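First up is the structure itself, then whatever we jot down about it.
The values are calculated or read from the model by the stated rules, or taken from the named source; none is laboratory data. In this text the structure is predicted, and so the values were computed from the model without any measurement. Glycine gets a Cβ as well: all are built from the backbone with ideal geometry, and neighbour counts include every protein chain shown. What goes into the accessible areas is simple: the full protein's heavy atoms, side chains included, and nothing from ligands, DNA or RNA. Shrake-Rupley method; radii C 1.70, N 1.55, O 1.52, S 1.80 Å.
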Amino acid sequence: MKLIEQVAARYQQKFNRQPQFIVRAPGRVNLLGEHVDYNAGLVLPAAIDRATYIACSPAPAPHSTLWAVDYNQMATFSAQSVSAKTQADATPLPEWAFYPAGILWTLLQENLSAPAMNAVFASDVPRGAGLSSSASVELSFMLAWQTLGGWSVPPMQLALLAQKAENRYVGVNCGIMDQFAAACGVEHKALLLDCRSLEWKELALPPDVSIVVADTTIRRKLADSEYNDRRQSCEEAVRFLQKSLPHIHTLRDVRVEDFNRLSDQLPVKTERRARHVVEEIERMNQVEALLAAGDIQTFGQLMNQCQRSLRDLYAVSCPELDALVEIAQTLKGCYGARLTGAGFGGCTVNLVAAAQAEAFALTLAQKYQTQTNLQPEVYITHAARGAEVKWKSE
Ligand code: ADP
Ligand code: MG
């Protein structure tokens, strides 16, 4: 059964009636521009065809009741209980409920109407795998409350509110890319976002190229602290470089020539990490022209360069990601392969000639399993729409 039908059927079971509407919001891959969103650089995500679905209606109660199908758990919270991070019965919210509760919390701060809801939700975005399941949950609840509240704000604004929820309520120091992609995704398009100005444009992906996602199945507990550590290195590099380049605010402002001239002033580890960011931001300057010309070959080489840089300079890869990428790069039809998301396990993204995609996916899975004894999930996806109302009852 499709996910949309599952949430509808579960809603009927839990609440003894049909939902009023169903919304969806997707996960994403990032094709290029990794670990640069929090350095105000350019990124190139695409929303994918995996998503969170919520079946929803207004609640006949002061509190919302949410069923998380994937956890088989329920949580309740209201405008009164949300800031204390507690449920309607004063017990603590389960961790997964921080994401929807965080959305309610930001909407209340913005004075946007967020009536209590009954909801059942489920997702096929793998959790903690670099495909941004959290933003997909956030944006789906954003859409649900927008629909219930009867207001409407532009998708980029929804993304910013969701980022605020994740930063301030959940307590994860993420950039804007994930929420942006979940909110603004466009069918068959990659989205070139300038994380400083927040301007963005759609770039067409050639129809004969497939996006293939491969999951190492590895999830590392330390990923959050490693991520924060990388962010601190970037800030430290800016402070060092500001002594010679007083005009800079972030690594976005540092040209590669200036970096090369000044890099010996930085501690070794900081230098390596900052070099990844400065060079990755420079790679991003070529993206628009390459995709406009349909030059996926050269674009794929930039993906491969990015992977090497993430592995050797930024040090966010791991043996399983390296294996998955190295196998992919030897297979027929593969233009480029690299880890996507923060790293330390999770998924790779591969651009593959559409005619070869099925064979590529099969061989990649087989060879990875032979090499690592792990059974990867490999699937062919495509750039998909952002958050939307999928269905409404008459
Ligand atoms: P990701 O890279 O997938 O975004 P995060 O650690 O940022 O990983 O977010 C994962 C968290 O988001 C989960 O631990 C859970 O709290 C929440 N979440 C994601 N998917 C679901 C889901 N299907 N149901 C409930 N909560 C979810
Ligand atoms: Mg996340």
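The table that follows gives values for the structure above.
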item: Of all DSSP beta bridges in the stretch 3-122, antiparallel share, percent nearest 5; result: 85 percent
item: DSSP bridge pairs, the chain: antiparallel proportion in percent, nearest 5; result: 95 percent
item: The stretch 209-381 - percent of accessible surface contributed by carbon and sulfur, probe 1.4 Å; result: 47 percent
item: Area projected by the alpha carbon convex hull of the stretch 190-268, averaged over all directions, nm²; result: 8.5 nm²
item: Kirkwood-based Rg to Rh ratio, the stretch 68-110, C-alpha trace; result: 0.96
item: Test item: Cα-centred dipole of the chain, Lys/Arg +1 and Asp/Glu -1 on Cβ, debye; result: 520 debye
item: Overall dimensions of the stretch 1-137 as given by Cα atoms, namely Rg and Dmax in Å; result: 16.1, 49
item: Mean Cβ neighbour count within 10 Å, used as a protection proxy, ranking 179-188, 353-362 highest first; result: 179-188, 353-362
item: Size of electric dipole in the stretch 209-381: Cβ of Lys, Arg +1 and of Asp, Glu -1, about Cα centre, debye, nearest 20; result: 260 debye
item: Computed magnitude of the charge dipole of the stretch 140-221 (debye, nearest 20; Cβ of K, R +1, Cβ of D, E -1); result: 420 debye
item: R0 of 30 Å, Cβ-Cβ distance R261-T298: FRET efficiency to nearest 0.05; result: 0.60
item: Prolate/oblate/rounded call for the stretch 315-373, Cα gyration tensor, a/c under 1.5 rounded; result: oblate
item: Surface per residue (accessible, 1.4 Å probe) for the chain, Å²; result: 42 Å²
item: Given charges at Cβ of Lys, Arg, Asp, Glu: the chain dipole, positive-most of S393, S263, I380; result: S393
item: Positive-pole candidate from Y11, L302, I211, dipole of the chain, charges at beta carbon; result: Y11
item: Dimensions in Å of the chain - Rg and Dmax from alpha carbons; result: 21.2, 68
item: For the stretch 209-381: rounded, prolate or oblate by the Cα gyration tensor [a/c cutoff 1.5]; result: oblate
item: Equivalent ellipsoid, the stretch 75-138 (semi-axes from 5 times Cα gyration tensor eigenvalues, Å); result: 22, 14, 11
item: Accessible area in the full protein assembly, largest first, 1.4 Å probe, for C56, C334; result: C334, C56
item: From phi via Karplus (6.51, -1.76, 1.60), per-residue ³J(HN,Hα) for the stretch 293-310 in Hz, x at Gly/Pro; result: 7, x, 8, 6, 4, 5, 4, x, 5, 5, 4, 5, 5, 4, 4, 4, 5, 5
item: Sum of -39500 (n - 2.57) over DSSP H runs of 4+, divided by residues of the chain (222 nm, nearest 500); result: -12500 deg cm²/dmol
